[in-house]
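A short worksheet on the structure shown next.
Read the figures in this text as sums done on the coordinates, not as results from a lab. Small disclaimer: the values here were computed from a predicted structure and weren't measured. Every residue, glycine as well, gets a Cβ built from its backbone with ideal geometry; the counts of neighbours run over all protein chains shown.
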Amino acid sequence: MYGKLKEHLAKEIGAIKEAGLFKNERIIESEQGAEIVVKGKKCLNFCANNYLGLSSHPDLIKASHEEIDHRGYGLSSVRFICGTQDIHKQLEEKVSKFLGMEDTILFSSCFDANGAVFEPLLGEDDAIITDALNHASIIDGIRLCKGQRWIYNHGDMRDVEEVDPTTNKAGKGLERCLKEAQKCRFRMIATDGSFSMDGDIAKLHEICDLAEKYDALVMVDDSHSTGFLGKTGRGTHEYRNVMGRVDIITTTFGKALGGASGGCISGPKEIIDWMRNKARPYLFSNSVAPAVVGATIKVMDLLTSSTQLRDKLENNTKYFRSKMTEAGFDIIKGDHPICAIMFGKYPDCSKLAVNFANRMLEEGIYVIAFSFPVVPKGKDRIRVQISAGHEMEHLDKAIAAFTKVGKELGMIK
């Protein structure tokens, strides 16, 4: 039975390897942090979502141990049966207050949260207008929904429809999509807060203006923003000064907020109550483990007591971006700690990016190359991610290694 499929898969995997696109997993032999051990060798990690350096923070480890001791390892249940402990409600309250929303519902991941958010709210008479570069979890969540779909060109707020000369495909701006969806009962605009491949931050101020003009809801996946964007780290809605104007926020606890697992939907109480009764990934998945809940509560307490970590991250990001630009690398501009170093203008860019990442590991810097289908063809990159866990000597060592390898491979002079 498996023979034909095996032959097909072996051929396709071989083609991926030949193109230099096969994704090999590197094995880390230490805890997650700015410094890690790979194959017995210490190196600096510059590709983790560990934005605030909390993944191995002693206070989080202590809080996690305490909850295992007091409330056990797991709950063996979904929330509405016997899977809700007092700490689950505490965390939901703290997240709601931090994000400036009325209520919050927990999920095992933000992927599950995004898989849950659309289908219970929107039906055949409704519209979802989604950014073309939204995360795979938003795309999959929309697929589960029967709502009508519009896709707008990434970041394009205009009332236009035009052909992209690079792809020869027609695309629309957000306002054009909203106009076309006016006959629908409800309209929801869905966007990433920060786009993970580019470090591009959504124009939420313009999106909210259009949403109010055309009576639409705004949903934001803020997984790559919560905890560090904005003056107090609330996220993209604080960064763009639209707190109170975004209807639904989904986010993760698996990146800046400790890096383990778990996610949530935050929004109006009626929406959250509806999710508790209708969201399938919530109704049919185990509760978030007590150890994760306890540690995430500690994260919320740390972030509300001080902005020290997000301030350090902001300074680290500005320094790294400035020095890498001075060195001559092609970097997508912005303020985000995701710093994409682009390879598309060089011949055989996919293999070049992979070779560059391998050489960087030899220099003691752990980074990963991103190629198709994770990013569009010709948009190959190394995505550097800065952390508050990085010290100045870490940044300088990485910049020196990038410069050395860049000169070796003919990317910079």
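In this structure, the pairs whose alpha-carbon distance is over 29 Å, taken from Lys94/Lys203; Lys203/Lys312; Lys377/Lys404; Lys62/Lys255; Lys298/Lys323, are Lys298/Lys323. Straightening the chain between Lys39 and Ala19 buys 4.7 nm, computed as 0.36 nm per residue apart minus the Cα-Cα spacing.
How fast does segment 30-138 diffuse by Stokes-Einstein, in µm²/s, taking the Kirkwood radius from C-alpha pairs at 37 °C and 0.692 mPa s? So the translational diffusion coefficient is about 184 µm²/s.
From the coordinates of this entry, Cα extents along the principal axes in Å is computed, and it appears in (1) 89, 60, 38; (2) 58, 58, 57; (3) 69, 58, 44 under the label (2). Sparsely packed loop sites in segment 1-91 (the chymotrypsin sites (Phe, Trp or Tyr not before Pro) outside DSSP H, G, I, E and B with at most 15 other Cβ atoms within 10 Å) comprise Tyr2, Phe22, Tyr73. Karplus-based coupling profile of segment 363-373, in residue order and whole Hz: 8, x, 10, 8, 9, 10, 7, 10, 9, 4, x, with θ = phi - 60° in 6.51 cos²θ - 1.76 cosθ + 1.60 and x standing for Gly or Pro. Taking the fewest neighbouring Cβ atoms within 10 Å as the starting point, the ordered list for Val160, Val374 is Val160, Val374. In the elastic network of the chain, a GNM with C-alpha springs shorter than 10 Å, the most mobile of His70, His205, His154 is His70. In the chain, the calculated helix contribution to ellipticity at 222 nm averages -12000 deg cm²/dmol per residue, counting -39,500 (n - 2.57) for every DSSP H run with n ≥ 4. Would you kindly give the portion of the calculated P(r) for segment 272-413 that falls above 17 Å, as a percent of all Cα pairs? For segment 272-413, the share of Cα pairs beyond 17 Å comes to 68 percent. Across segment 1-132, Cα pairs under 8 Å and at least six residues apart give a relative contact order of 8 percent. Note on the chain: GNM, Cα springs under 10 Å; of Ala279, Ala19, Ala260, the largest mean-square fluctuation is that of Ala19.
In straight-distance terms, cross-link reach from Lys169 covers every one of the aspartates and glutamates whose alpha-carbon lies under 12 Å from its own, apart from those fewer than eight places away in the same chain; here that gives Glu161.
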